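Engineer: So that we are looking at the same thing, I have put the structure below in structure tokens.
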Amino acid sequence: GPGTGKTNTLVAHILHLLERGVKGDEITAVTFTNQAANELRERLSRQTKGRRTARHIQTGTFHSICLKLLTAWRGYAPMLLEPARALDFAGRVIEQMELKITPKRLIQEVSKRKSGSTSSPRSAESPLSDEAFSIYQNFLREAEVYDFDDLLLETLTEIEKKKSESECLRVFS
């Protein structure tokens, strides 16, 4: 939780790596929130007094790091789904499928499915059928946008592909 020293621990570990000769562009620090990523950057800057090596450390949330990776690998930044548009897509699925849930709940169920939290369609916990999931995904594909879950999943797919092709994953330098 807050105030338990997570950021201090990360900063200390990164400083230790730098002292041992690891280059800043060989370090990626991933956090859960933008606020934590900004705090980490500020503390590293203060501790290293703005040294060039420290400025090359990649810090960010899981999603921002994935966006950077996909952009580097594909040569363009994927378009991200805006919350209002997600609700619109969900509402269209609900109307088309005559579901008895809210758009917000449908989006939550899609996210659960993508994260592997639920895999069985129309279980007692999830009112989301395979067909409703597929329709929602088709709306995303037709609009050429990614939701935040897709950002993570697409990055994982690319990493697996690059590992199987023995390609170098270093893209931030």
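The values are calculated or read from the model by the stated rules, or taken from the named source; none is laboratory data. On a predicted model such as this, the values are computed, not experimentally measured, just so you know. Counting neighbours? That spans all protein chains shown, and the Cβs are built from the backbone with ideal geometry, glycine included. Note: accessible area is taken over every heavy atom of the protein model, side chains too, but ligands, DNA and RNA are not part of it. Shrake-Rupley method; radii C 1.70, N 1.55, O 1.52, S 1.80 Å.
Engineer: Out of (1) in contact with a helix residue (DSSP H, G or I) (Cβ under 7 Å, 6 or more places away or on another chain); (2) open to solvent by 50 Å² or more (accessible area, probe 1.4 Å); (3) farther than 15 Å from L151 by Cα; (4) aliphatic (A, V, I, L, M), what's the single condition that is false for I57?
Structural biologist: (2)
Engineer: Separate question: Taking T28, is it open to solvent by less than 90 Å² (accessible area, probe 1.4 Å) and either without any contact (Cβ under 8 Å) to a residue 60 or more places away in the chain or among the acidic types (D, E) (or both)? If you could, list the steps in order and put the result at the bottom.
Structural biologist: Details: open to solvent by less than 90 Å² (accessible area, probe 1.4 Å): yes; either without any contact (Cβ under 8 Å) to a residue 60 or more places away in the chain or among the acidic types (D, E) (or both): no.
No.
A quick yes/no check of all residues on (1) at positive phi; (2) surrounded by 14 or more Cβ atoms within 10 Å (Cβ to Cβ); (3) touching a Phe, Trp or Tyr at 6+ places or on another chain (Cβ under 6 Å); (4) among the aliphatic types (A, V, I, L, M):
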position	(1), (2), (3), (4)
T4	no, no, no, no
L17	no, yes, no, yes
R51	no, no, no, no
F89	no, yes, yes, no
M97	no, yes, no, yes
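Engineer: May I pose another question? When you check L40 against the structure, is it outside any helix (DSSP H, G or I), open to solvent by less than 90 Å² (accessible area, probe 1.4 Å) and not β-branched (V, I, T), yes or no? Don't jump to the end; show me each part of the working.
Structural biologist: Numbers: outside any helix (DSSP H, G or I): no; open to solvent by less than 90 Å² (accessible area, probe 1.4 Å): yes; not β-branched (V, I, T): yes.
Answer is no for this residue.
Engineer: Looking only at helices (runs of 4 or more DSSP H) that lie completely in the stretch 69-144, which have at least 1 residues being at pLDDT 95 or above and touching a Pro at 6+ places or on another chain (Cβ under 6 Å)? Show your work before the answer.
Structural biologist: Numbers: elements: 83-97, 103-115, 130-143.
Passing ranges, in order: 83-97.
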